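The values are calculated or read from the model by the stated rules, or taken from the named source; none is laboratory data. Keep in mind that what you see is a predicted model, and the values were worked out from it rather than measured. Don't worry about glycine lacking a Cβ; one is built from the backbone with ideal geometry, like all the others, and counts go over all protein chains shown. The protein model used for the area step is the full one, side chains on, heavy atoms only, and it has no ligands, DNA or RNA in it. Shrake-Rupley method; radii C 1.70, N 1.55, O 1.52, S 1.80 Å.
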Amino acid sequence: MFIIQQTINVARRELRRMLSRPIYLFSSVFVMFFCYIFFLTFFAQGLPEQLPIGIVYNDNSYVSRTLARNIDAVAQVEIVKQYSTFSEAREDMQRGKIYAIIDVAPDFQSDLLASRQPKITYYVNDAYLIAGSLSYKELTYISELGTAYVQQRLLQARGMVGDENLMPILQPVAIDTHLIANPYANYGIYLLNVLLPGVLQLMIIMLTVFSIGSELKEKTTGEWLSAGNQSFLAALTGKMLPYTVLFTLLGIGGNFILYRYMHFPMNGSLAWMSLATVLYVLAYQAIGIFIVGAFPRMRDAISLSAFYGLLAFTYAGFTFPIEAMPAGVQLFAELFPIRHYFKIYVNEALHNAPINYSLIYFAAMTAFLVLPFLVYRRLRNSMVNSNELLLS
């Protein structure tokens, strides 16, 4: 009971430090609120819409104008400008004003009516990956529909009517498409379920290192230890406790925003995801303590924690599968709690798998809690030495 009171005393002291320095709340509450508002607003439609493209009319015929109207009818792209020459359209693409160019060949309509296979050329700016790929997909889709429409009119002119006669010729093989990696075709669902926890882990590890490192740098460890009655365990636990509560509330609150308010897919249990969030916060706090214990100089600890936190986005495995990486890299990915959190998310939210499939990942995140004990004595000595230097 006595150590509990010591821990509470340290936690109260830390709360006063948090409220007296805006950087603490700015780098936690404000950053996460901003990220949720920005990204959820940015991906509100799921996919980018009305991407600006241009068209070069070389024949200005009825057929080419019909093609342009059909392209404008799709949601992803919009013809914002008509050009008389290709060089003008290319300049606008190079300036980033448009993402694609449709170049309609001269005599397009006359070649089509004479069955001389006219050409439509697309120029897509793949420097913008999403905009370029979506523009190309929509333009290809419309051109295929246009080809089928022309064939349909020709066959009807020859006396063939009815879908039972036309469809086997226009589409011999019917395609039934099912997206595997992103079945909702929604970039928000695809990215934000790991991107936002990724920002959270970066804030956790940075603030953990800063809160301890600032005590060592400012040589206030004597006050810190005195608040815990010279108990290092109480001092360290009490210091981390306010941040644990704060980041846990931010993480679980984010889960409710994504899965209840935004209706992101949650086929499993939100309770298990909340438990995973608690372990996720504790695991990254443990890593932060380990880093600042191994590198007591705050400059070195902050640099290493930032590098480690940014690598987590790569080794989460949500954009490129870890299984496709070299064997050594696959083992390295296990050193990031976000990787195990992502696997729990896949099992719970997407697959609704039994919990026994996720227990190994819960255990892996729990294993990170051993890290502070590996630097326990070194960190305690750093605190004591910093206090002794101040007294001397």
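FRET efficiency for the pair residue 16 and residue 261, taken as 1/(1 + (r/R0)^6) with r the Cβ-Cβ distance and R0 = 41 Å, rounds to 0.75. Couplings 3J(HN,Hα) for region 326-333, derived from phi with the Karplus relation 6.51 cos²θ - 1.76 cosθ + 1.60 (θ = phi - 60°), are x, 4, x, 5, 4, 5, 5, 5 Hz, where x marks Gly and Pro. Lys-Lys pairs in the chain that are eight or more residues apart or on separate chains and whose Cα atoms lie under 26 Å of each other come to 8.
Relative to the longest principal axis of the Cα atoms of the chain, helix 298-315 runs at roughly 40 degrees. Under 5 Å from the amide H of residue 83 lie the amide H atoms of 55, 56, 57, each residue being 5 or more positions distant or on a separate chain, with H modelled from the backbone and absent for Pro and chain starts. The phi-based Karplus calculation (6.51 cos²θ - 1.76 cosθ + 1.60; θ = phi - 60°) puts the 3J(HN,Hα) values of region 56-63 at 10, 8, 9, 10, 6, 9, 5, 5 Hz, whole numbers, x for Gly and Pro. Taking the chain as a Gaussian network of alpha-carbon nodes connected by springs under 10 Å, the highest mean-square fluctuation of the residues 292, 245, 209 belongs to 245. Couplings 3J(HN,Hα) of region 99-109, computed from phi: 9, 8, 10, 9, 10, 7, 5, x, 6, 4, 5 Hz, in residue order, whole Hz [Karplus 6.51 cos²θ - 1.76 cosθ + 1.60, θ = phi - 60°; x for Gly and Pro]. Once the C-beta distance of residue 85 and residue 130 is scaled by a Förster radius of 25 Å, the resulting FRET efficiency is 0.30 to the nearest 0.05. For residue 233 and residue 110, a Förster radius of 56 Å and the Cβ-Cβ distance give a FRET efficiency of 0.05, rounded to the nearest 0.05.
Per residue, the convex hull spanned by the Cα atoms of region 1-148 measures out at 153 cubic angstrom. Amide H contacts of residue 50: 76, 77, each under 5 Å away and 5 or more positions distant or on a separate chain (H built 1.01 Å from N in the peptide plane; Pro and chain starts excluded). Among beta bridges from DSSP that stay inside the chain, the antiparallel ones total about 35%. If the convex hull of the alpha-carbon atoms of the chain is projected onto planes in all directions, what is the mean projected area in square nanometres? That works out to 26.6 nm². Gyration tensor analysis over the Cα atoms of region 193-294 returns equivalent ellipsoid semi-axes of 32, 13, 10 Å (largest first, whole Å).
As a fraction of the 1.4 Å probe accessible area of the chain, surface on carbon and sulfur atoms comes out at 63 percent. Here the spin labels are modelled as points 7 Å beyond Cα on the Cα-Cβ line, and at residue 117 and residue 334 they lie 5.6 nm apart. Here region 263-377 is treated as a sphere whose radius is the Kirkwood value from Cα pairs; by Stokes-Einstein at 37 °C and 0.692 mPa s it diffuses with a coefficient of 217 µm²/s. Positive-end ranking of 305, 385, 330 along the dipole of region 252-392, with charges on Cβ about the Cα centre, is headed by 385.
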